[in-house]
1. Consider GLU261 against the criteria (1) touching a strand residue (DSSP E or B) at 6+ places or on another chain (Cβ under 7 Å); (2) in the same structural domain as GLY331 (by TED's automatic domain parsing): it satisfies all of them except one. Which criterion is unmet?
2. If I filter the stretch 388-404 for residues that are modelled with pLDDT under 95 and small (Gly, Ala, Ser), do I get at least one hit?
3. Would a scan of the stretch 372-384 turn up a residue that is touching a residue at least 40 places away in the same chain (Cβ under 8 Å), among the acidic types (Asp, Glu) and over 22 Å from ASP46 (Cβ atoms)?
4. Within the stretch 156-178, how many residues turn out to be surrounded by 24 or more Cβ atoms within 10 Å (Cβ to Cβ) and farther than 29 Å from LYS338 by Cα?
5. Give the residues of the stretch 307-334 that are of a type in the set (Phe, Trp, Tyr) and more than 18 Å from LYS295 (Cβ to Cβ), sorted by residue number.
6. Within the stretch 374-390, can one find any residue that is farther than 27 Å from MET334 by Cβ and of a type in the set (Asp, Glu)?
Amino acid sequence: MSNLIVHGGTPLAGRIVPSANKNAVLPILCATLLTREPVRLHGVPDITDVKKILEVFRSLGSSVEMDAKTRVLDLHHRDTCFDAARDRLPEEMRSSIMLVPGLLARFCSARIEDDVTGCTLGVREIDPHVEVFQRFGASVERQPDGLVLAVPARLRANDHWTDYASVTTTENFVLCAALAQGRSTLMNAASEPHVQEFCAFLKMLGAQIEGLGTSRLTIHGVERLGGGEFTFAEDFHEIVTFLALGAITGGRVEVKNSTPEQFPLIDRTFAKFGVQIVHENGWSRAETQGPLKVKEPFTRNILQKVEAAPWPYLPVDLLPIFVALGIKAEGSVMFWNKIYDGAMGWTSELSKFGGHAFLSDPHRMVTFGGKPLHPAEVESPYIIRVAIALLMVAASISGKSVIRNATPIRRAHPQFVENICSLGARIEWVDGE
């Protein structure tokens, strides 16, 4: 089922508990390959990318036991085997590249498939990852269907300064360094909450990592890692999404949030649309006073701005969520995606709702909000949060809308539609053509 039918116009209200962050879960799953000891993970979400990774583990001989009801996952890679000439990694899933360090450390070989992509956010190069693997001693051979990597023995430690603060490149460096011989240092490291959660998991296994939450990480390689139990935190993407759904529909939604210290900039971004975020007793809620309205800047003759870039900037994955608020709120906002060059080209779908948005260039969009909106049938690009943003706009409009090709939502958010319906929404999946 790939399309969503949205009967909008109902203010959403109630309490919701978010799932774990896909961007923490997937690298942590890949990190489990580094140890031969049993690992238990609590709160593993039921999403397609997780299923693909677990299927790879099963195909390699790992022990995988998933309790579908409790969402507890037991992994044991004691009997895992890998052959770069035979075994294939998941395609169309960016995170599969993080299986490479564990394979190199365990089997001295790995591969990168030609179709490792993920969401259609523009050019997503693999060169920074290949460079990291080479710095740890890997040779790289191009074959017709991908790259084959090999190391003669144990990975060797090194110091590296990345071109930009890439989340996945940072995680691949840490994965390689955890078992490398010697001390490794990474400058310009990404520091997003999910990177911090990923490093906390590795430290639980026995990795020696210094500098969590900063742009400089130091890793002292160890001989081996142990096992243990780990519980995932709530996904801040989902927290923001549910808060925004409450705000855009004129409702009152409360979301469980154990990390409000990560939200000051996110809270101020909501305030630019007339939305106040309140954090109390482990829960967060969005409060509005009447229709949404863009806050005018004090500086004359400039637009209100929302700029997204690597943490501690506003996370770029959240930008579409605020674009939806910009379409609804009275006033104009300039949105600036400072990372991806192909993530803003969906203004034509917003116009089908009657929204007014102008694409200034591949990185910048201006919304002229507060226009009369009407139900529509729109088509989502293969970008998780854009599909959700289109759903948000539809949910705020009385009448029936259709979001075609909304499947990317399933990659990150388990039971997403069911959760929204528990807040009073009328949304359902239907088969696409």
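The values are calculated or read from the model by the stated rules, or taken from the named source; none is laboratory data. Everything numeric in this text was worked out from a predicted model, so none of it was measured. Here Cβ is always computed from backbone atoms with ideal geometry, including for glycine, and neighbour counts include all displayed protein chains.
1. Looking at each condition in turn, GLU261 falls short on (1).
2. no
3. No, there is no match, as no residue in the stretch 372-384 is touching a residue at least 40 places away in the same chain (Cβ under 8 Å), among the acidic types (Asp, Glu) and over 22 Å from ASP46 (Cβ atoms).
4. So the answer is 1.
5. TRP311, TYR313
6. Yes, the stretch 374-390 contains at least one residue that is farther than 27 Å from MET334 by Cβ and of a type in the set (Asp, Glu).
Matching residues to (1) hydrophobic (A, V, I, L, M, F, W, C); (2) in contact with a strand residue (DSSP E or B) (Cβ under 9 Å, 6 or more places away or on another chain):
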{"residue": "GLN304", "(1), (2)": "no, yes"}
{"residue": "PRO310", "(1), (2)": "no, no"}
{"residue": "TYR313", "(1), (2)": "no, yes"}
{"residue": "GLY326", "(1), (2)": "no, yes"}
{"residue": "PHE335", "(1), (2)": "yes, yes"}
{"residue": "SER351", "(1), (2)": "no, yes"}
{"residue": "ASP361", "(1), (2)": "no, no"}
{"residue": "MET365", "(1), (2)": "yes, yes"}
{"residue": "GLY370", "(1), (2)": "no, yes"}
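For every residue, the table says whether it meets (1) in contact (Cβ under 8 Å) with a residue 40 or more places away in the chain; (2) surrounded by fewer than 18 Cβ atoms within 10 Å (Cβ to Cβ).
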| residue | (1), (2) |
| --- | --- |
| GLU280 | no, yes |
| LYS295 | no, yes |
| THR299 | no, yes |
| VAL306 | no, no |
| TRP336 | no, no |
| PHE353 | yes, no |
